[in-house]
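Participant: First the structure, which I've put down as C-alpha coordinates, then a few questions once you've had a look.
The values are calculated or read from the model by the stated rules, or taken from the named source; none is laboratory data. Bear in mind that the values here come from a model prediction, so they are computed numbers and not experimental data. Please note: Cβ atoms are built from the backbone with ideal geometry, for glycine as well, and neighbour counts cover all protein chains shown. These area figures cover heavy atoms from the full protein model, side chains too; ligands, DNA and RNA do not enter into them. Shrake-Rupley method; radii C 1.70, N 1.55, O 1.52, S 1.80 Å.
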Amino acid sequence: MGQNGPTTPVLRQIGVKSNPLLAPINTLKEVRSNRFLVRNLIRRDVRGRYRNAALGYAWTVIEPALLASVYWFLFIMLSGNPDEMYAVWVLLGVIVWGSFSKSLNAATNSLTGNVRTMHLVFFPRSIFPVSGVGANIVVTMMSCLIILPLLYIYELPITIHLVWIPIGVLLAGFMALGFGMMMAPLNCVQRDVQHLIRFITRAGFFVSPVMWTAEMAMERGAWGEAALWNPMVLPITMVRHALEGKSVELPDSIVISSLVVSFLIYVVGTMIFSKYERGAVKYL
Amino acid sequence: MTETSISLQDIVLHFPKQRNIFGIISDFFRKKIRRFTALSGVNLHIKQGEVVGIIGRNGSGKSTLLRVISGIYPPDEGMVHAAGDISLLAGLGTGFSPHQTGRENALLYGSILGHSEEEMLSKLDEIIEFSELGSFIDEPLRTYSAGMKARLGLAVASAIKPNILLIDEVLGVGDPNFREKSKNKILAMVKGASTVVIVSHSFGLMTDVCDRVVLLDRGKIIAEGDPQTSIKAYYDLEE
(Lines give C-alpha, C1' and ligand atoms only; values in the text may rest on other atoms or scores of the structure.)
Protein backbone atom coordinates (compact mmCIF):
# COMPACT_ATOMS: atom_id res chain seq x y z
CA MET A 1 0.00 0.00 0.00
CA GLY A 2 1.12 3.53 -0.68
CA GLN A 3 3.80 2.57 -3.17
CA ASN A 4 3.53 3.93 -6.66
CA GLY A 5 4.25 0.68 -8.36
CA PRO A 6 3.40 -0.18 -11.94
CA THR A 7 -0.02 -1.45 -10.90
CA THR A 8 -2.54 1.39 -11.09
CA PRO A 9 -4.84 1.62 -8.07
CA VAL A 10 -8.49 0.89 -8.68
CA LEU A 11 -11.05 3.68 -8.78
CA ARG A 12 -13.43 3.47 -5.85
CA GLN A 13 -16.32 5.61 -4.71
CA ILE A 14 -15.70 7.96 -1.79
CA GLY A 15 -18.28 8.73 0.88
CA VAL A 16 -20.55 5.77 0.18
CA LYS A 17 -23.31 5.36 2.73
CA SER A 18 -22.95 2.07 4.52
CA ASN A 19 -26.06 0.16 5.40
CA PRO A 20 -27.11 1.20 8.94
CA LEU A 21 -28.45 -2.30 9.53
CA LEU A 22 -24.89 -3.63 9.38
CA ALA A 23 -23.59 -0.97 11.78
CA PRO A 24 -23.31 -3.27 14.84
CA ILE A 25 -20.83 -5.45 12.93
CA ASN A 26 -19.17 -2.66 10.95
CA THR A 27 -18.36 -0.79 14.16
CA LEU A 28 -16.40 -3.80 15.40
CA LYS A 29 -14.59 -4.11 12.07
CA GLU A 30 -13.70 -0.41 12.07
CA VAL A 31 -12.25 -0.65 15.55
CA ARG A 32 -10.30 -3.73 14.57
CA SER A 33 -8.76 -2.19 11.48
CA ASN A 34 -7.96 1.05 13.34
CA ARG A 35 -6.67 -0.51 16.54
CA PHE A 36 -3.35 1.35 16.47
CA LEU A 37 -5.27 4.63 16.33
CA VAL A 38 -7.69 3.58 19.07
CA ARG A 39 -4.79 2.59 21.30
CA ASN A 40 -3.06 5.94 20.78
CA LEU A 41 -6.24 7.94 21.40
CA ILE A 42 -6.90 6.03 24.62
CA ARG A 43 -3.33 6.63 25.76
CA ARG A 44 -3.65 10.36 25.02
CA ASP A 45 -6.85 10.55 27.03
CA VAL A 46 -5.54 8.62 30.06
CA ARG A 47 -2.21 10.49 30.13
CA GLY A 48 -3.93 13.86 29.89
CA ARG A 49 -6.24 13.10 32.76
CA TYR A 50 -3.62 12.66 35.48
CA ARG A 51 -1.13 15.27 34.27
CA ASN A 52 0.71 17.46 36.75
CA ALA A 53 -0.65 15.43 39.66
CA ALA A 54 1.83 14.35 42.30
CA LEU A 55 -0.26 11.28 43.06
CA GLY A 56 -0.85 10.64 39.35
CA TYR A 57 -2.53 7.36 38.62
CA ALA A 58 -3.08 6.78 42.35
CA TRP A 59 -6.10 9.06 41.89
CA THR A 60 -7.84 6.28 39.99
CA VAL A 61 -8.05 4.50 43.36
CA ILE A 62 -8.19 7.48 45.73
CA GLU A 63 -11.18 9.14 44.07
CA PRO A 64 -13.62 6.23 44.38
CA ALA A 65 -12.31 5.40 47.86
CA LEU A 66 -12.97 8.94 49.11
CA LEU A 67 -16.41 8.98 47.49
CA ALA A 68 -17.28 5.61 48.98
CA SER A 69 -16.26 6.73 52.47
CA VAL A 70 -18.60 9.72 52.23
CA TYR A 71 -21.51 7.54 51.15
CA TRP A 72 -20.69 5.04 53.87
CA PHE A 73 -20.84 7.85 56.43
CA LEU A 74 -24.14 9.06 54.98
CA PHE A 75 -25.60 5.58 55.16
CA ILE A 76 -24.60 5.14 58.82
CA MET A 77 -26.26 8.48 59.61
CA LEU A 78 -29.44 7.43 57.85
CA SER A 79 -29.88 3.82 58.87
CA GLY A 80 -27.48 2.91 61.62
CA ASN A 81 -25.48 -0.29 61.50
CA PRO A 82 -24.85 -1.76 58.07
CA ASP A 83 -23.09 -5.09 57.69
CA GLU A 84 -19.32 -5.00 57.83
CA MET A 85 -18.92 -5.45 54.08
CA TYR A 86 -21.20 -2.52 53.27
CA ALA A 87 -18.35 -0.04 52.76
CA VAL A 88 -16.81 -2.44 50.23
CA TRP A 89 -20.09 -2.83 48.34
CA VAL A 90 -20.42 0.93 48.11
CA LEU A 91 -16.85 1.25 46.88
CA LEU A 92 -17.42 -1.29 44.10
CA GLY A 93 -20.72 0.37 43.25
CA VAL A 94 -19.02 3.74 42.99
CA ILE A 95 -16.29 2.32 40.73
CA VAL A 96 -18.63 0.56 38.29
CA TRP A 97 -21.25 3.30 38.24
CA GLY A 98 -18.57 5.98 37.87
CA SER A 99 -17.13 4.07 34.93
CA PHE A 100 -20.54 3.86 33.28
CA SER A 101 -21.40 7.51 33.79
CA LYS A 102 -18.01 8.82 32.63
CA SER A 103 -18.11 6.53 29.61
CA LEU A 104 -21.60 7.66 28.72
CA ASN A 105 -20.64 11.33 28.94
CA ALA A 106 -17.47 10.68 26.93
CA ALA A 107 -19.36 8.87 24.16
CA THR A 108 -22.10 11.53 24.03
CA ASN A 109 -19.51 14.30 23.66
CA SER A 110 -17.22 12.32 21.37
CA LEU A 111 -18.27 14.07 18.15
CA THR A 112 -18.64 17.59 19.54
CA GLY A 113 -15.31 17.36 21.31
CA ASN A 114 -13.30 16.30 18.26
CA VAL A 115 -14.41 18.87 15.70
CA ARG A 116 -10.90 19.92 14.72
CA THR A 117 -9.76 16.37 14.07
CA MET A 118 -12.92 15.57 12.12
CA HIS A 119 -12.46 18.57 9.85
CA LEU A 120 -8.90 17.67 8.97
CA VAL A 121 -8.68 13.92 8.63
CA PHE A 122 -11.04 11.18 7.71
CA PHE A 123 -11.38 7.91 9.56
CA PRO A 124 -14.49 6.04 10.69
CA ARG A 125 -16.23 8.28 13.21
CA SER A 126 -17.15 5.36 15.45
CA ILE A 127 -13.51 5.50 16.58
CA PHE A 128 -14.31 8.60 18.68
CA PRO A 129 -16.97 7.14 20.99
CA VAL A 130 -15.15 3.81 21.19
CA SER A 131 -11.85 5.37 22.28
CA GLY A 132 -13.65 7.68 24.72
CA VAL A 133 -15.30 4.70 26.39
CA GLY A 134 -12.09 2.67 26.13
CA ALA A 135 -10.13 5.28 28.09
CA ASN A 136 -12.65 5.12 30.91
CA ILE A 137 -12.51 1.34 30.97
CA VAL A 138 -8.71 1.47 31.25
CA VAL A 139 -8.96 3.91 34.18
CA THR A 140 -11.60 1.72 35.84
CA MET A 141 -9.41 -1.34 35.54
CA MET A 142 -6.73 0.60 37.41
CA SER A 143 -9.29 1.55 40.08
CA CYS A 144 -10.06 -2.14 40.44
CA LEU A 145 -6.55 -2.72 41.79
CA ILE A 146 -8.00 -1.60 45.13
CA ILE A 147 -9.60 -5.01 45.23
CA LEU A 148 -6.25 -6.63 46.03
CA PRO A 149 -5.86 -5.09 49.53
CA LEU A 150 -9.58 -5.69 50.15
CA LEU A 151 -9.14 -9.39 49.51
CA TYR A 152 -6.40 -9.41 52.15
CA ILE A 153 -8.19 -7.23 54.75
CA TYR A 154 -11.49 -9.11 54.58
CA GLU A 155 -9.76 -12.48 54.19
CA LEU A 156 -11.68 -13.27 51.06
CA PRO A 157 -10.76 -16.31 48.98
CA ILE A 158 -9.01 -15.79 45.67
CA THR A 159 -11.17 -17.72 43.22
CA ILE A 160 -11.70 -18.04 39.50
CA HIS A 161 -14.86 -15.95 39.94
CA LEU A 162 -12.72 -12.80 40.15
CA VAL A 163 -12.77 -12.80 36.34
CA TRP A 164 -16.33 -11.50 36.64
CA ILE A 165 -14.91 -8.17 37.80
CA PRO A 166 -13.46 -7.12 34.42
CA ILE A 167 -16.47 -8.68 32.69
CA GLY A 168 -18.83 -6.54 34.78
CA VAL A 169 -16.80 -3.41 34.00
CA LEU A 170 -16.82 -4.22 30.28
CA LEU A 171 -20.57 -4.85 30.33
CA ALA A 172 -21.21 -1.42 31.90
CA GLY A 173 -18.89 0.18 29.33
CA PHE A 174 -20.66 -1.62 26.51
CA MET A 175 -24.01 -0.21 27.62
CA ALA A 176 -22.55 3.28 27.92
CA LEU A 177 -21.10 2.97 24.40
CA GLY A 178 -24.44 2.01 22.85
CA PHE A 179 -26.37 4.69 24.67
CA GLY A 180 -23.72 7.33 24.01
CA MET A 181 -23.58 6.51 20.29
CA MET A 182 -27.33 7.01 20.19
CA MET A 183 -26.93 10.49 21.69
CA ALA A 184 -23.73 11.75 20.02
CA PRO A 185 -25.24 12.81 16.64
CA LEU A 186 -28.15 14.58 18.33
CA ASN A 187 -25.68 16.37 20.59
CA CYS A 188 -24.08 17.91 17.48
CA VAL A 189 -27.35 19.66 16.68
CA GLN A 190 -28.30 20.69 20.20
CA ARG A 191 -25.93 20.66 23.16
CA ASP A 192 -28.93 20.31 25.47
CA VAL A 193 -28.35 16.59 25.03
CA GLN A 194 -25.10 16.64 26.96
CA HIS A 195 -26.68 18.52 29.85
CA LEU A 196 -29.56 16.09 29.89
CA ILE A 197 -27.19 13.12 29.90
CA ARG A 198 -25.17 14.66 32.71
CA PHE A 199 -28.38 14.94 34.72
CA ILE A 200 -29.36 11.36 33.88
CA THR A 201 -26.02 10.03 35.08
CA ARG A 202 -26.41 11.94 38.36
CA ALA A 203 -29.98 10.83 38.95
CA GLY A 204 -29.25 7.29 37.78
CA PHE A 205 -26.82 6.99 40.66
CA PHE A 206 -29.73 6.73 43.10
CA VAL A 207 -31.85 4.28 41.14
CA SER A 208 -28.86 2.03 40.51
CA PRO A 209 -27.37 -0.20 43.19
CA VAL A 210 -24.50 2.07 44.19
CA MET A 211 -25.50 2.89 47.77
CA TRP A 212 -27.77 -0.11 47.99
CA THR A 213 -27.33 -3.72 46.92
CA ALA A 214 -29.52 -6.15 45.02
CA GLU A 215 -29.96 -8.12 48.28
CA MET A 216 -31.33 -5.05 50.08
CA ALA A 217 -33.71 -4.36 47.20
CA MET A 218 -35.10 -7.88 47.33
CA GLU A 219 -36.13 -7.31 50.97
CA ARG A 220 -38.11 -4.19 50.10
CA GLY A 221 -41.12 -5.70 48.39
CA ALA A 222 -42.54 -4.67 45.04
CA TRP A 223 -40.54 -1.43 44.61
CA GLY A 224 -37.32 -3.23 45.38
CA GLU A 225 -38.13 -5.97 42.89
CA ALA A 226 -38.95 -3.37 40.25
CA ALA A 227 -35.62 -1.64 40.85
CA LEU A 228 -33.82 -4.84 39.83
CA TRP A 229 -34.99 -4.38 36.23
CA ASN A 230 -32.52 -1.52 35.87
CA PRO A 231 -29.87 -2.96 33.51
CA MET A 232 -27.06 -1.54 35.68
CA VAL A 233 -27.98 -3.95 38.50
CA LEU A 234 -26.33 -6.81 36.65
CA PRO A 235 -22.80 -5.41 36.14
CA ILE A 236 -22.57 -3.91 39.63
CA THR A 237 -23.89 -7.05 41.35
CA MET A 238 -21.62 -9.18 39.16
CA VAL A 239 -18.54 -7.32 40.43
CA ARG A 240 -19.71 -7.52 44.07
CA HIS A 241 -20.44 -11.23 43.92
CA ALA A 242 -17.13 -11.86 42.19
CA LEU A 243 -15.37 -10.47 45.25
CA GLU A 244 -17.39 -12.83 47.43
CA GLY A 245 -16.09 -15.68 45.31
CA LYS A 246 -19.22 -16.57 43.40
CA SER A 247 -20.79 -15.94 40.04
CA VAL A 248 -23.63 -13.45 39.93
CA GLU A 249 -26.71 -14.51 41.91
CA LEU A 250 -29.73 -12.74 40.53
CA PRO A 251 -33.05 -14.11 39.25
CA ASP A 252 -32.57 -15.56 35.75
CA SER A 253 -35.19 -13.24 34.31
CA ILE A 254 -33.22 -10.21 35.52
CA VAL A 255 -29.91 -11.52 34.12
CA ILE A 256 -31.38 -12.37 30.74
CA SER A 257 -33.33 -9.13 30.38
CA SER A 258 -30.28 -7.04 31.33
CA LEU A 259 -28.12 -8.81 28.76
CA VAL A 260 -30.79 -8.46 26.07
CA VAL A 261 -31.29 -4.78 26.88
CA SER A 262 -27.52 -4.08 26.76
CA PHE A 263 -27.25 -5.84 23.43
CA LEU A 264 -30.24 -3.97 22.00
CA ILE A 265 -28.86 -0.64 23.21
CA TYR A 266 -25.61 -1.40 21.37
CA VAL A 267 -27.38 -2.50 18.19
CA VAL A 268 -29.73 0.48 18.08
CA GLY A 269 -26.99 2.88 19.18
CA THR A 270 -24.57 1.89 16.42
CA MET A 271 -27.37 2.01 13.84
CA ILE A 272 -28.47 5.50 14.85
CA PHE A 273 -24.87 6.65 14.93
CA SER A 274 -24.08 5.35 11.47
CA LYS A 275 -27.27 6.75 9.99
CA TYR A 276 -27.05 10.28 11.40
CA GLU A 277 -23.35 10.87 12.04
CA ARG A 278 -22.59 12.20 8.53
CA GLY A 279 -25.44 14.71 8.61
CA ALA A 280 -24.73 15.68 12.19
CA VAL A 281 -21.10 16.69 11.64
CA LYS A 282 -22.28 19.42 9.27
CA TYR A 283 -23.75 21.19 12.29
CA LEU A 284 -20.34 21.44 13.93
CA MET B 1 -0.47 7.26 -17.07
CA THR B 2 -3.75 8.58 -18.36
CA GLU B 3 -5.97 6.72 -15.93
CA THR B 4 -8.44 8.78 -13.91
CA SER B 5 -7.26 9.47 -10.40
CA ILE B 6 -10.02 11.67 -9.01
CA SER B 7 -13.42 12.14 -10.54
CA LEU B 8 -16.09 14.49 -9.21
CA GLN B 9 -19.46 14.30 -10.91
CA ASP B 10 -22.09 16.99 -10.31
CA ILE B 11 -21.13 17.42 -6.69
CA VAL B 12 -23.67 19.29 -4.58
CA LEU B 13 -23.06 19.88 -0.90
CA HIS B 14 -25.38 21.73 1.45
CA PHE B 15 -24.90 22.89 5.00
CA PRO B 16 -27.88 23.31 7.30
CA LYS B 17 -28.78 26.90 8.05
CA GLN B 18 -31.06 26.11 10.94
CA ARG B 19 -28.70 25.21 13.71
CA ASN B 20 -31.13 24.41 16.48
CA ILE B 21 -33.99 22.07 17.11
CA PHE B 22 -36.68 24.76 16.76
CA GLY B 23 -35.39 25.73 13.34
CA ILE B 24 -35.35 22.10 12.26
CA ILE B 25 -38.93 21.62 13.47
CA SER B 26 -40.12 24.78 11.71
CA ASP B 27 -38.35 23.63 8.51
CA PHE B 28 -40.17 20.34 8.86
CA PHE B 29 -43.58 22.03 8.98
CA ARG B 30 -42.78 24.43 6.16
CA LYS B 31 -41.63 21.40 4.15
CA LYS B 32 -38.67 23.45 3.02
CA ILE B 33 -35.19 22.95 4.39
CA ARG B 34 -33.29 26.20 4.61
CA ARG B 35 -29.69 25.54 3.78
CA PHE B 36 -26.50 26.99 2.50
CA THR B 37 -25.11 25.48 -0.68
CA ALA B 38 -21.34 25.21 -0.40
CA LEU B 39 -20.74 23.35 -3.66
CA SER B 40 -23.20 23.38 -6.52
CA GLY B 41 -22.62 21.12 -9.46
CA VAL B 42 -18.86 20.72 -9.40
CA ASN B 43 -17.42 18.54 -12.13
CA LEU B 44 -13.72 17.84 -12.04
CA HIS B 45 -11.66 15.04 -13.52
CA ILE B 46 -8.06 14.64 -12.57
CA LYS B 47 -5.74 12.17 -14.25
CA GLN B 48 -2.98 10.28 -12.55
CA GLY B 49 0.22 12.27 -12.40
CA GLU B 50 -1.53 15.63 -12.60
CA VAL B 51 -0.89 18.47 -10.19
CA VAL B 52 -4.00 20.60 -9.91
CA GLY B 53 -4.36 23.86 -8.02
CA ILE B 54 -7.59 25.30 -6.67
CA ILE B 55 -7.90 29.05 -6.18
CA GLY B 56 -10.75 31.28 -5.17
CA ARG B 57 -11.76 33.88 -2.64
CA ASN B 58 -12.32 33.09 1.03
CA GLY B 59 -15.44 31.01 1.46
CA SER B 60 -15.62 29.95 -2.18
CA GLY B 61 -15.57 26.27 -1.22
CA LYS B 62 -11.92 25.34 -1.79
CA SER B 63 -11.32 23.60 1.52
CA THR B 64 -14.77 22.04 1.40
CA LEU B 65 -13.92 20.53 -1.97
CA LEU B 66 -10.79 18.89 -0.54
CA ARG B 67 -12.86 17.56 2.34
CA VAL B 68 -15.33 16.05 -0.11
CA ILE B 69 -12.50 14.32 -1.97
CA SER B 70 -11.04 12.96 1.26
CA GLY B 71 -14.41 11.67 2.48
CA ILE B 72 -14.92 14.05 5.41
CA TYR B 73 -18.12 15.40 3.88
CA PRO B 74 -20.03 12.90 1.76
CA PRO B 75 -21.75 14.85 -1.06
CA ASP B 76 -25.52 15.36 -0.97
CA GLU B 77 -25.72 14.81 -4.72
CA GLY B 78 -23.27 13.50 -7.27
CA MET B 79 -20.46 11.02 -6.94
CA VAL B 80 -16.83 11.11 -5.96
CA HIS B 81 -14.39 8.48 -7.14
CA ALA B 82 -10.73 8.23 -6.33
CA ALA B 83 -7.99 5.71 -7.01
CA GLY B 84 -5.65 4.67 -4.22
CA ASP B 85 -5.02 6.05 -0.77
CA ILE B 86 -5.66 9.71 -0.08
CA SER B 87 -3.84 11.94 2.34
CA LEU B 88 -5.08 15.40 3.29
CA LEU B 89 -2.36 17.73 4.49
CA ALA B 90 -4.08 20.42 6.54
CA GLY B 91 -3.70 21.88 10.00
CA LEU B 92 -0.43 20.15 10.78
CA GLY B 93 -0.37 18.59 14.21
CA THR B 94 -4.09 18.02 14.69
CA GLY B 95 -4.69 16.01 17.82
CA PHE B 96 -1.29 16.57 19.40
CA SER B 97 -1.28 15.91 23.11
CA PRO B 98 0.70 18.45 25.18
CA HIS B 99 1.34 15.94 27.95
CA GLN B 100 3.13 13.33 25.89
CA THR B 101 6.62 13.40 24.44
CA GLY B 102 7.43 14.35 20.88
CA ARG B 103 8.10 10.71 20.09
CA GLU B 104 4.71 9.60 21.43
CA ASN B 105 3.02 12.45 19.60
CA ALA B 106 4.67 11.43 16.35
CA LEU B 107 3.09 7.97 16.71
CA LEU B 108 -0.26 9.49 17.77
CA TYR B 109 -0.39 11.94 14.88
CA GLY B 110 0.76 9.27 12.46
CA SER B 111 -2.06 7.00 13.54
CA ILE B 112 -4.57 9.87 13.21
CA LEU B 113 -3.35 10.36 9.65
CA GLY B 114 -4.03 6.70 9.03
CA HIS B 115 -0.61 5.09 9.10
CA SER B 116 -0.12 1.59 10.38
CA GLU B 117 2.03 0.82 13.39
CA GLU B 118 4.74 -0.92 11.35
CA GLU B 119 4.90 1.99 8.92
CA MET B 120 5.30 4.50 11.74
CA LEU B 121 7.90 2.52 13.66
CA SER B 122 9.97 2.01 10.53
CA LYS B 123 9.90 5.71 9.69
CA LEU B 124 10.25 7.10 13.20
CA ASP B 125 14.01 7.73 12.97
CA GLU B 126 13.61 9.52 9.67
CA ILE B 127 10.79 11.65 11.12
CA ILE B 128 12.82 12.61 14.19
CA GLU B 129 15.79 13.54 12.06
CA PHE B 130 13.75 15.71 9.71
CA SER B 131 12.00 17.50 12.59
CA GLU B 132 15.41 18.76 13.86
CA LEU B 133 14.18 18.48 17.43
CA GLY B 134 17.28 16.75 18.79
CA SER B 135 16.96 15.79 22.45
CA PHE B 136 13.62 17.64 22.69
CA ILE B 137 11.97 14.63 21.05
CA ASP B 138 11.72 12.95 24.46
CA GLU B 139 10.39 16.04 26.24
CA PRO B 140 6.66 16.66 26.68
CA LEU B 141 5.09 18.67 23.89
CA ARG B 142 4.02 21.51 26.19
CA THR B 143 7.68 22.57 26.34
CA TYR B 144 7.75 23.07 22.54
CA SER B 145 7.51 26.34 20.69
CA ALA B 146 4.89 26.75 17.97
CA GLY B 147 7.56 26.31 15.30
CA MET B 148 8.80 23.08 16.87
CA LYS B 149 5.28 21.63 16.89
CA ALA B 150 4.81 22.62 13.26
CA ARG B 151 8.10 20.94 12.34
CA LEU B 152 7.10 17.73 14.06
CA GLY B 153 3.71 17.85 12.34
CA LEU B 154 5.24 18.31 8.92
CA ALA B 155 7.85 15.63 9.56
CA VAL B 156 5.15 13.08 10.36
CA ALA B 157 2.79 14.14 7.60
CA SER B 158 5.49 14.08 4.95
CA ALA B 159 6.79 10.65 5.89
CA ILE B 160 4.13 8.88 3.84
CA LYS B 161 3.80 8.57 0.12
CA PRO B 162 0.10 8.49 -0.73
CA ASN B 163 -1.31 7.98 -4.23
CA ILE B 164 -3.32 11.16 -3.89
CA LEU B 165 -2.03 14.11 -1.92
CA LEU B 166 -4.37 16.96 -0.98
CA ILE B 167 -2.66 20.08 0.39
CA ASP B 168 -4.59 22.85 2.11
CA GLU B 169 -2.45 25.93 2.87
CA VAL B 170 0.25 24.33 4.95
CA LEU B 171 3.24 26.22 3.65
CA GLY B 172 5.11 28.81 5.64
CA VAL B 173 5.61 27.29 9.07
CA GLY B 174 8.61 27.75 11.34
CA ASP B 175 11.62 30.02 10.95
CA PRO B 176 12.77 31.10 7.47
CA ASN B 177 15.40 28.38 7.40
CA PHE B 178 12.91 25.65 8.08
CA ARG B 179 10.31 27.26 5.87
CA GLU B 180 12.62 26.77 2.93
CA LYS B 181 13.23 23.17 3.98
CA SER B 182 9.52 22.52 4.43
CA LYS B 183 8.72 24.02 1.05
CA ASN B 184 11.28 21.73 -0.53
CA LYS B 185 9.86 18.79 1.37
CA ILE B 186 6.35 19.53 0.15
CA LEU B 187 7.61 19.96 -3.39
CA ALA B 188 9.35 16.60 -3.05
CA MET B 189 6.07 15.11 -1.84
CA VAL B 190 4.28 16.67 -4.79
CA LYS B 191 6.79 14.96 -7.10
CA GLY B 192 6.54 11.68 -5.17
CA ALA B 193 2.75 11.42 -5.13
CA SER B 194 1.09 10.45 -8.33
CA THR B 195 -1.74 12.99 -8.08
CA VAL B 196 -1.79 16.26 -6.16
CA VAL B 197 -4.48 18.84 -5.47
CA ILE B 198 -3.29 22.07 -3.87
CA VAL B 199 -5.37 24.81 -2.29
CA SER B 200 -3.30 27.92 -1.80
CA HIS B 201 -3.27 31.69 -2.04
CA SER B 202 0.33 31.68 -3.14
CA PHE B 203 -0.03 32.07 -6.89
CA GLY B 204 3.73 31.95 -7.43
CA LEU B 205 3.80 28.39 -6.18
CA MET B 206 0.74 27.52 -8.24
CA THR B 207 2.38 28.73 -11.43
CA ASP B 208 5.53 26.77 -10.60
CA VAL B 209 4.09 23.37 -9.78
CA CYS B 210 0.55 23.09 -11.17
CA ASP B 211 -0.31 21.61 -14.54
CA ARG B 212 -3.79 23.04 -14.26
CA VAL B 213 -5.54 25.54 -12.03
CA VAL B 214 -9.23 25.63 -11.21
CA LEU B 215 -10.98 28.82 -10.13
CA LEU B 216 -13.82 28.33 -7.71
CA ASP B 217 -16.41 30.99 -6.90
CA ARG B 218 -19.47 30.53 -4.70
CA GLY B 219 -19.24 26.79 -4.99
CA LYS B 220 -18.98 26.69 -8.76
CA ILE B 221 -16.07 26.20 -11.12
CA ILE B 222 -15.67 29.49 -13.03
CA ALA B 223 -12.50 28.83 -14.93
CA GLU B 224 -10.24 25.88 -15.54
CA GLY B 225 -7.04 25.74 -17.49
CA ASP B 226 -3.36 26.58 -17.40
CA PRO B 227 -2.25 28.52 -14.30
CA GLN B 228 -1.84 31.91 -16.02
CA THR B 229 -5.34 31.91 -17.49
CA SER B 230 -7.06 30.92 -14.26
CA ILE B 231 -5.09 33.39 -12.18
CA LYS B 232 -6.02 36.13 -14.62
CA ALA B 233 -9.66 35.07 -14.29
CA TYR B 234 -9.29 35.36 -10.52
CA TYR B 235 -8.20 38.99 -10.80
CA ASP B 236 -11.02 39.72 -13.23
CA LEU B 237 -13.38 38.30 -10.63
CA GLU B 238 -12.05 40.67 -8.04
CA GLU B 239 -13.14 43.73 -10.05
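Participant: List, largest first, the extents of the alpha carbons of region A:70-164 along their principal axes, each in whole Å.
Facilitator: 57, 35, 16
Participant: Put +1 on the Cβ of every Lys and Arg and -1 on every Asp and Glu Cβ in region A:1-89; which of A:38, A:19, A:52 then has its Cα farthest towards the positive end of the dipole?
Facilitator: Highest projection toward the positive end goes to A:19.
Participant: Hey, what's the Cα Rg ratio for the protein assembly as shown versus the globular rule of thumb, 2.2 N^0.38 Å?
Facilitator: Values: Rg = 26.9 Å, N = 523, 2.2 N^0.38 = 23.7 Å.
Working it through for the protein assembly as shown, the quotient is 1.13.
Participant: Can I ask one more? Which residue, B:198, B:164, B:128, has the most motion in a Gaussian network model of chain B that connects Cα atoms within less than 10 Å?
Facilitator: Looking only at B:198, B:164, B:128, the largest GNM fluctuation is found for B:128.
Participant: Continuing with this model, one more query. At what distance in angstrom do the alpha carbon centres of region B:1-61 and region A:221-284 lie from each other?
Facilitator: 41 Å
Participant: What residue among A:110, A:247, A:99 has the largest mean-square fluctuation in a Gaussian network model of chain A, using Cα springs under 10 Å?
Facilitator: Highest fluctuation of the listed residues: A:247.
Participant: Could you size up the charge dipole of chain A around its Cα centre, putting +1 on the beta carbon of Lys and Arg and -1 on that of Asp and Glu, and report it in debye to the nearest 20? Please list the in-between numbers first.
Facilitator: Numbers: 23 positive and 14 negative charges, 377 e Å.
Value, rounded to 20: 1800 debye.
Participant: A follow-up question, please. Label 7 Å along Cα→Cβ of residue B:27; region A:239-281 residues with amide nitrogen under 12 Å?
Facilitator: Residues passing the 12 Å test: A:279-281.
Participant: Counting only residues 5 or more places away or on other chains, whose amide H sits under 5 Å from the amide H of residue B:41 once H atoms are built in the peptide plane?
Facilitator: Here B:11, B:12, B:13 satisfy the definition.
Participant: Return the Cα extents of region B:116-239 along principal axes one, two and three, sorted largest first, each rounded to a whole Å.
Facilitator: In descending order, the Cα extents are 52, 29, 24 Å.
Participant: What does the accessible area of residue A:43 come to, in Å² to the nearest 10, when a probe of 1.4 Å is used?
Facilitator: For residue A:43, solvent-accessible area is about 90 Å².
Participant: Per residue, what volume in Å³ does the convex hull of the Cα atoms of chain A enclose?
Facilitator: On the way: hull volume 48.7 nm³, N = 284.
Per-residue hull volume (Cα only) is 171 Å³.
Participant: Next question, about the same structure. Can you give the longest run of chain A that contains no GluC sites (Glu not before Pro) sitting in a DSSP loop with at most 14 other Cβ atoms inside 10 Å?
Facilitator: Details: sites that count: A:84, A:155, A:219, A:249.
Excluding the exposed sites themselves, the longest stretch runs over A:1-83.
Participant: From the P(r) of region B:99-161, can you give the percent of Cα pairs sitting at distances over 18 Å? Let's see the in-between values first.
Facilitator: Working: 450 of 1953 pairs.
Counting every Cα pair in region B:99-161, those more than 18 Å apart make up 23 percent.
Participant: Which one, B:153, B:204, B:56, has the greatest fluctuation when you compute a Gaussian network model over chain B with C-alpha springs under 10 angstrom?
Facilitator: Highest fluctuation of the listed residues: B:204.
Participant: Taking every pair of Cα atoms in chain B, average 1/r, invert it to obtain the Kirkwood radius, and report Rg/Rh to two decimals. Write out the running numbers ahead of the final one.
Facilitator: Working: Rg = 19.7 Å, Rh = 19.3 Å.
In chain B, Rg relative to Rh is 1.02.
Participant: Let me ask something additional. Have a look at A:112, A:78, B:108 and report the one farthest towards the positive end of the charge dipole of the protein assembly as shown, computed about the Cα centre with Cβ charges (Lys/Arg +1, Asp/Glu -1).
Facilitator: Ranked along the dipole, the leading option is A:112.
Participant: Which aspartates and glutamates, if any, have their Cα less than 19 Å from the Cα of residue B:220, not counting same-chain residues under 8 positions apart?
Facilitator: Leaving aside aspartates and glutamates fewer than 8 places away in the same chain, those within reach of residue B:220 are B:10, B:76, B:77, B:168, B:236, B:238, B:239.
Participant: So what is Rg over Rh here for region A:3-153, counting just Cα atoms and using Kirkwood for Rh? Working shown, then result.
Facilitator: Numbers: Rg = 21.4 Å, Rh = 18.7 Å.
Ratio value, two decimals: 1.14.
Participant: Using the Kirkwood formula on the Cα atoms of region B:1-131, what hydrodynamic radius do you get, in angstrom to one decimal?
Facilitator: Details: mean 1/r = 0.0556 Å⁻¹.
Every distinct Cα pair counted, the radius reaches 18.0 Å.
Participant: Stretched out fully, how many nm does the piece from residue B:145 to residue B:183 gain, at 0.36 nm a residue minus the Cα gap?
Facilitator: On the way: separation 38, 0.36 × 38 = 13.68 nm, distance 1.98 nm.
Contour length minus the Cα-Cα distance gives 11.7 nm.
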